[in-house]
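Notes follow once the structure below has been shown.
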Amino acid sequence: MTDEQQACWERIRTFTIGDPRAAFSFTDRLAQENGWPLDYAHRVVMEYKRFMFLICVVDHPLTPSDEVDQAWHLHLLYTRSYWQEFCRDTLGREIHHGPTKGGQEEKDKFNDWYALTKSKYLDYFKVQPPTDIWPSSAIRFGQIRFRRVNLHRFLIFRKPKWL
């Protein structure tokens, strides 16, 4: 990393999402909404920060893992934190997040961008992205079909492998 990139990474790495005095923190919410252990949610937040750093230093669109995308979606709901404190004050630029238009061309594009993201991760951080947060493209794009479910009203059971 250049000195400028290192300074950018340090600003991102030390950034606190949301109000640090809140009884229910950003990471608490991320863990609860995704059914993750709190230590895993903390790791996802760090991977989200690494992804946002890559967005800032790479001159090409990138694609996050699903876990990182969940952190990004939640951060977008913290509008002041995201747009003012993070984008404007920490990154010095706006980073927008838009949905896919669908179709095979879009699928191929995001698959390519995901591979590039993982490659650039290795280039800048000198380690492979953790596979429990950055899975293979086959898992990232082929095995994710989520739906919001009210866990106070419904029970969820793992689907048998034979189905």
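For segment 8-163, the relative contact order works out to 24 percent when only alpha carbon pairs closer than 8 Å and six or more residues apart are counted. The stretch between residue 77 and residue 159 holds 26.4 nm of extra length on full extension. This uses 0.36 nm per residue minus the Cα-Cα distance.
Checking (1) 25; (2) 32; (3) 38 against percent of Cα pairs over 28 Å apart calculated from these atoms, the matching label is (1). Considering helices alone, the calculated mean residue ellipticity of the chain at 222 nm is -15500 deg cm²/dmol, with DSSP H runs of length four and up weighted by -39500 (n - 2.57) and normalised per residue.
Could you line up 12, 156 from fewest to most neighbouring Cβ atoms inside 10 Å?
156, 12
With a/c under 1.5 counting as rounded, go ahead and sort segment 96-155 into rounded, prolate or oblate using the C-alpha gyration tensor (a ≥ b ≥ c being the square roots of the eigenvalues; past the cut-off, prolate if a/b is larger than b/c, else oblate). Taking the square roots of the gyration eigenvalues as a ≥ b ≥ c, segment 96-155 is oblate.
The lysines within cross-link reach of residue 120, meaning a Cα-to-Cα straight distance under 26 Å and a gap of 8 or more places when in the same chain, are 49, 101, 107, 109.
Taking a ≥ b ≥ c as the square roots of the eigenvalues of the alpha carbon gyration tensor, segment 19-111 is oblate, as a/c is not under 1.5 and a/b does not beat b/c. Within the chain, helices built from complete DSSP H runs that reach 27 Å or longer along their own axis (Cα positions) and carry a mean Kyte-Doolittle hydropathy of 0.5 or higher are 38-57.
Over all other residues within a Cβ to Cβ distance under 12 Å of residue 56, the charged ones net out to +2, with Lys and Arg as +1 and Asp and Glu as -1.
FYI, it's all coordinate maths here, none of it is from the lab. All values derive from a computational prediction rather than experimental measurement. No Cβ is skipped: glycine too gets one built from the backbone with ideal geometry, and neighbour counts run over all protein chains shown.
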